[in-house]
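Accompanying notes for the structure given below.
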Amino acid sequence: MANWTYDPSQYEEKHFEIIPVGDYRARIADVVERCAANKNAFSSGNEGYEITLEINGYNSKMWFYLVLDPQNVAQTNQRIGDFFNSFGITNPAMGSGKQWIGSVGAVRIKHELYKGNNTAKVAYCIARSRQDKLPAWQNGGTAAPVAEETIEIPDDLPFA
């Protein structure tokens, strides 16, 4: 165990603003490969990627999961394709996913109840061809989302 003396005078209770529902530019900040070899596969037993996203205009981070489901190959490939398309990833080699860090795309944020609290969640990745109305990526700031009413939600969302 590390030798550390906690100093409560350096603690400040913080409250984080929930990201509003809408469409946002997002940048990949980190990727963790979830696999049996690392003993960190998803609870379903499937392997995949846990992707940390920075959301334009917010200091919060969101997580997007690419689960590799061998029981549903077509749906898994569609989800990977949607992710690659959104973030402009042209090399289909999956590797560790670390090569994706820094890529900018766009996601739809939705709200749902989790343990009685309203939380923000990535609903899906937005196709590159539908990102033209979103503000350009900027570090920090308060970029407003595109209003929810202007967005069409596909009927065939994978893993909904």
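The values are calculated or read from the model by the stated rules, or taken from the named source; none is laboratory data. No experiment lies behind these values; they were computed from the predicted model shown. Positions of Cβ are backbone-derived with ideal geometry, glycine not excepted, and every protein chain shown enters the neighbour counts. Each accessible area value is taken on the protein alone, full model and side chains, heavy atoms only, with ligands, DNA and RNA left out. Shrake-Rupley method; radii C 1.70, N 1.55, O 1.52, S 1.80 Å.
Brief remarks on what is shown
- Count, lysine Cα pairs under 19 Å in the chain, 8 or more residues apart or across chains: 7
- Under-5 Å amide H pairs with R34, H placed in peptide plane, nonlocal only: G48, Y49, E50
- With contacts taken as Cα pairs under 8 Å and at least 6 residues apart, the range 47-126 reaches a relative contact order of 22 percent.
- In sequence order, calculated HN-Hα J values of the range 122-132 (Karplus, 6.51, -1.76, 1.60; Hz; x Gly/Pro): 6, 7, 6, 8, 8, 4, 4, 5, 10, 9, 5
- The chain - percent relative contact order, Cα under 8 Å, separation 6 or more: 28
- Positive contributions from Lys and Arg (+1) and negative ones from Asp and Glu (-1), summed over other residues with Cβ under 15 Å from the Cβ of S60, come out at +3.
- Within-10-Å neighbourhood charge of G48 [Cβ basis; K, R +1; D, E -1]: -2
- Structure-based [θ]222 nm, the chain - -39500 (n - 2.57) summed over DSSP H runs of at least 4, per residue, nearest 500: -3000 deg cm²/dmol
- For R128, R108, the ranking by accessible surface with the largest value first comes to R128, R108, using a 1.4 Å probe.
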